[in-house]
1. For residue 236, work out the one condition from (1) within 11 Å of the ligand (Cβ to nearest atom); (2) in a loop (DSSP other than H, G, I, E, B) it doesn't fulfil.
2. Could you tell me which of the residues 51, 44 is crowded, with 21+ Cβ neighbours inside 10 Å, among the β-branched types (Val, Ile, Thr), more than 15 Å from the ligand (Cβ to nearest atom) and farther than 20 Å from residue 127 by Cα?
3. I'm trying to understand the selection: among the residues of the range 189-210, which are within 28 Å of residue 38 (Cα to Cα), surrounded by 12 or more Cβ atoms within 10 Å (Cβ to Cβ) and either of a type in the set (A, V, I, L, M) or at pLDDT below 95 (or both)?
4. Give all pairs with beta carbons closer than 8 Å in which a residue from the range 218-247 that is within 23 Å of residue 16 (Cβ to Cβ) and among the basic types (Lys, Arg) meets a residue that is at pLDDT 95 or above and part of a loop (DSSP other than H, G, I, E, B); count only pairs at least 6 apart in sequence or on separate chains.
5. Can you tell me how many residues in the range 181-212 are within 10 Å of the ligand (Cβ to nearest atom), of a type in the set (S, T, N, Q) and in a helix (DSSP H, G or I)?
6. List pairs: first residue in the range 112-124 and under 16 Å from residue 145 (Cα atoms), second residue in a helix (DSSP H, G or I) and of a type in the set (Phe, Trp, Tyr) anywhere in the structure, Cβ distance under 8 angstrom, at least six positions apart or on different chains.
7. Is it true that residue 153 is crowded, with 17+ Cβ neighbours inside 10 Å and within 20 Å of the chain's Cα centre (by Cα)?
8. Hey, among the residues in the range 214-233 that are part of a helix (DSSP H, G or I) and of a type in the set (Asp, Glu), which one's surrounded by the most Cβ atoms within 10 Å (Cβ to Cβ)?
Amino acid sequence: MPYDLSGQAIAITGASSGIGEATALACAAAGASVALGARRSERIEELASRIEGDGGRAVALETDVADERRARAFVEHAYEQLGRLDGLVNNAGVMLLGPVEGADTNDWRRMVEVNCLGLLYCTHAALPVMREQGGGHVVNLSSTAGRQARLGAAVYNLTKWGVNGFSEALRQEALNSNIRVTIIEPGFVETELQSHNVKNEMVMQAMERAREEIGEVLRAEDIAEAIVYALGQPQHVCVNEMLVRPTRQRA
Ligand code: NDP
């Protein structure tokens, strides 16, 4: 791993699977101590043990970022237990696809609450700590869906578009506090994300067709490396945005 994160403390939401889990492992391998947040506590506890077993430092902090109080507690406990807060990776997310008409509006609420409000709550809790410390780095997981609207993804598009707008405005607000903001926009990554649509046969079929067309999709580790690259830059360099698609993904 060419980037050195030693001495950094990084809090990662959605660390129980996929990109968040891979990011925790990559940050720890680069020398950072990590706080792992998610609802599935047994998964993050296992991951923390694995990182500590490899000589790293990790704490598992069960949270639900859709709940403001618990999102804030995650950031505060990460800071208390690691003694610093250099990075916050707002990675927790859900993607529930399908047409607008006839949609289950609970799915909309879940996406807005996790992908947008959860990210806002954690950021809100982290900013004063980072400013006080003299700097920090907020990494927000958006998506190609934050740049390109697609039939069947309207509300997921809305949430990721929101992440992009918020992140750029935050970057401008926080730069005088030495707080950097990075937007990560992955294309198709093989994770559990797609499987949340299992109730919807048409959506699952469309995703399977997309996967077949692409051939080799991204691995969670590919995105983790992009995140470590952004976190590993010197203080005067802010990677504002990274769009990473599988080579054969068209849009
Ligand atoms: P996964 O489903 O593997 O991971 C999602 C993570 O979010 C899980 O760890 C889950 O943990 C966590 N999460 C969900 N809801 C909550 C909640 N209320 N509170 C706390 N944590 C929560 O998907 P990915 O790794 O693929 O997704 C990570 C991010 O990357 C998301 O923001 C997604 O939108 C984005 N992304 C993914 C792409 C892909 O193709 N996979 C493409 C573009 C962007 P738990 O259930 O334990 O709480």
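The values are calculated or read from the model by the stated rules, or taken from the named source; none is laboratory data. Keep in mind that this is a model prediction, so the values were computed, not measured. Cβ placement follows ideal geometry from the backbone for every residue including glycine, while neighbour counts extend to all protein chains displayed.
1. (1)
2. Details: 44 fails: more than 15 Å from the ligand (Cβ to nearest atom).
Selected residue: 51, the only one of 51, 44 that is crowded, with 21+ Cβ neighbours inside 10 Å, among the β-branched types (Val, Ile, Thr), more than 15 Å from the ligand (Cβ to nearest atom) and farther than 20 Å from residue 127 by Cα.
3. First, the residues of the range 189-210 that are within 28 Å of residue 38 (Cα to Cα): 189-201, 203-204, 207-208.
Next, only the ones that are surrounded by 12 or more Cβ atoms within 10 Å (Cβ to Cβ) stay: 189-191, 193-194, 196-197, 200, 203-204, 207.
Matches in the range 189-210: 189, 193, 194, 196, 197, 200, 203, 204, 207.
4. Matching pairs, first to second residue: 219/190.
5. Residues in the range 181-212 being within 10 Å of the ligand (Cβ to nearest atom), of a type in the set (S, T, N, Q) and in a helix (DSSP H, G or I): 2 in total.
6. If the second residue must be in a helix (DSSP H, G or I) and of a type in the set (Phe, Trp, Tyr), the pairs left are 115/156; 116/166.
7. Working: crowded, with 17+ Cβ neighbours inside 10 Å: yes; within 20 Å of the chain's Cα centre (by Cα): yes.
Here the answer is yes, as residue 153 does meet what is asked.
8. Keep residues of the range 214-233 that are part of a helix (DSSP H, G or I), which gives 214, 220-231.
Still in the list and also of a type in the set (Asp, Glu): 221-222, 225.
Details: 221: 15, 222: 17, 225: 19.
Checking each candidate, the answer is 225.
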